[in-house]
Each structure stands twice: as C-alpha cells, then as structure tokens.
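Enquirer: Dumping the structure here so I can ask a few things about it.
Each reported figure results from applying straightforward, stated rules to the coordinates on display, with no laboratory input. Model, not experiment: these values are computed from the prediction. Every residue, glycine as well, gets a Cβ built from its backbone with ideal geometry; the counts of neighbours run over all protein chains shown.
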Amino acid sequence: MSVVFIGLDDTDNETSRGTGHLARLLAAECVRRGMNMRGVTRHQFLRDPAIPFTSHNSGACIALETGNGISQAEFVFDYVQQRAAKGSDPGVCLAEAEQITGEMEQFGQAATARIVTMEEAYELAKQAGVALRGLGGDNLGVIGALGSVGLRAEGNEGRYIDLPGLRELPDRVEAETFCCMGINLHYRIAERQPRPADSYETLGWVRPRLENGKPVLWVEWSAANHAWIPVDRKKRHVEA
C-alpha cells in the first residue's frame, strides 16, 4: 500500500463552508473509490494583515492508503475545482509520502511563522516532483496546500478534524473506544490517576492533536462530570 497526502486550501468564500468541510467530503469520496482514509488534519498558518484569507488562514490535509499508488487519487484536482466556492483561490497538492522532502516540511513550519510566497511553493514542489496546482482565482491556495502536506508529513503541527468514526462518537465512551480508533490518550494529571473503569465524556467535539504523526487526545479529569474530558474543547463546554 502507498501512503498519499492531499493538501488543499483557499476553497471557500465568506458565505460558504470552509476548506475543512470540503476536505472531509473529498476524503469520503476517496474511501468510496477504494482507498483507506488515515485521517484529515487541519493546519493553522500565520495570521497577518498582509495575508489575504477568508476566516482563519488554515489548510487541510488528507492522508490515504492506496493500492494503486498516486494515480488512484489524481481525480482530486477536478473534484476540488468543481466544488470550490465562487471567488475562492483554491490550490491542491498531491504527493506520495516518499516524495516529501525536508524542505517541504520546513516550508510548512515557515508558513506558521512568516509570510511565504507562491513562488517558493512552486519551486519546492518542482524540485520534489510533487503535483501542485492552482485551480482558480489568484491560485493563492497553493501555499496552504503545500504547507499542509509538509506539516502533515512532519507530524507535529495540526489537529484531526476527521477519522473513521470520529464524528459519530457518543457522549460517553470507554478508553477502549479511542484505542480501537487509533487515538492515543494522554492524561493531564492533577490529583487523580486514570483507572480501568473510568468513563470519558466527548462533549460532542473530539479533535485529537497531531503528535509524532499520530492522533493524540489530551484529557483531564472533570469532577463535575465524573469523567475524563478533552483538554481541547469549545469554550461553551463545562470546566474541568
């Protein structure tokens, strides 16, 4: 099986759903076509007044396993171009894991801290033999598309917005549920140590961090819930 990464960015406008939503739809289509989805990750880049972006300046990356190499995923360019919002500047990067260079990973890191350019992105993709295409508008999405692939491959910057079963989790689960999904639990320990019979409240929003190339869910004990709850959660949720 080959591991393939699909990066995309700038597929939305001010009234449409975000790039993460399109990435999840694309991942589902890849699964329908016989590929194995290893997760969709969101990657945050520098927010600066000099950088044009719709809402948060974040890109997305889909990791897949394919039986026929990268050719099985080449439909993604047409798929994104047909579904990108009107007025957007979409870009897509398609790369096999073996193609990703240290320079591409460094580019992703740089994009979180400084302004990077389309010219840099295209040059790095050319050097690595990676497919990087602008699909409309000013094509600015190529920066986030390449950056998302670089960060996903580096494996320590981002969070999972989709995994098989992630968005169907019930309110309360056991540790084994996360284990079966390939999610590693890390505990923010105060006074209470984890116990085998403990419960875990999802609070309707589980987004594991990308750490060492794997999904990691940090949890802390909530006395109010009498359960472990995600450290990363929406503000409206209960306090620990």
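Enquirer: Starting at the first residue of the range 57-69, write each ³J(HN,Hα) from the Karplus equation 6.51 cos²θ - 1.76 cosθ + 1.60 with θ = phi - 60°, in whole Hz, x for Gly and Pro.
Expert: 6, 10, x, 9, 9, 9, 9, 9, 10, 10, x, 10, x
Enquirer: Ok, one more. Run the reach check for K126 against aspartates and glutamates, Cα to Cα strictly under 15 Å, same-chain hits fewer than 8 apart removed. What comes back?
Expert: Of all the aspartates and glutamates, those that pass the test against K126 - Cα under 15 Å, at least 8 places apart if same chain - are E96, E98, E103, E105.
Enquirer: For the range 169-219, which GluC sites (Glu not before Pro) are in a loop by DSSP, counting at most 13 other Cβ atoms within 10 Å?
Expert: E174, E191
Enquirer: To make sure I understand, if each residue's beta carbon is the centre and we count other beta carbons within 10 Å, what order do W221, W205 fall in, fewest to most?
Expert: So the residues, fewest neighbours to most, are W205, W221.
Enquirer: Contact order normalised by length for the chain, with contacts defined as Cα pairs under 8 Å and 6 or more residues apart; what percent is it?
Expert: Numbers: 536 pairs, mean separation 49.8, N = 240.
Value for the chain: 21 percent.
Enquirer: Additional query: Specify whether the C-alpha gyration tensor of the range 59-143 places it in the rounded, prolate or oblate class, a ≥ b ≥ c being the square roots of the eigenvalues: rounded for a/c under 1.5, otherwise prolate if a/b is larger than b/c and oblate if not.
Expert: Judged from the Cα gyration tensor, the range 59-143 comes out oblate (a/c at least 1.5, b/c at or above a/b).
Enquirer: Hey, another quick one. Counting other C-beta atoms within 10 Å, which of L151, L140 has the fewest, and how do the rest follow?
Expert: L140, L151
Enquirer: Still on this structure, I have one more. Quick test of the membrane-span-like rule: which DSSP H helices of the chain reach at least 18 Å along their long axis (C-alpha atoms) with mean Kyte hydropathy at least -0.5?
Expert: Both cut-offs are met by 19-32, 141-154.
Enquirer: Fewest to most neighbouring Cβ within 10 Å: what's the order for H21, H226, H186, H43? Intermediate values should be presented prior to the final figure.
Expert: On the way: H21 16, H226 10, H186 13, H43 25.
If I rank by nearby Cβ atoms, fewest first, I get H226, H186, H21, H43.
Enquirer: Please give every one of the aspartates and glutamates within straight-line cross-link reach of K86, meaning a C-alpha to C-alpha distance under 18 Å, and leave out same-chain neighbours fewer than 8 residues apart.
Expert: Straight-distance partners of K86: D9, D10, D12, E14, D78, D138.
Enquirer: Under 4 °C and 1.567 mPa s, how fast does the chain diffuse according to Stokes-Einstein, given a Kirkwood radius computed over C-alpha pairs? Answer in µm²/s, whole number.
Expert: In µm²/s, the coefficient rounds to 70.
Enquirer: Over the range 165-230, what is the relative contact order in percent, taking alpha-carbon pairs closer than 8 angstrom and at least six residues apart?
Expert: 36
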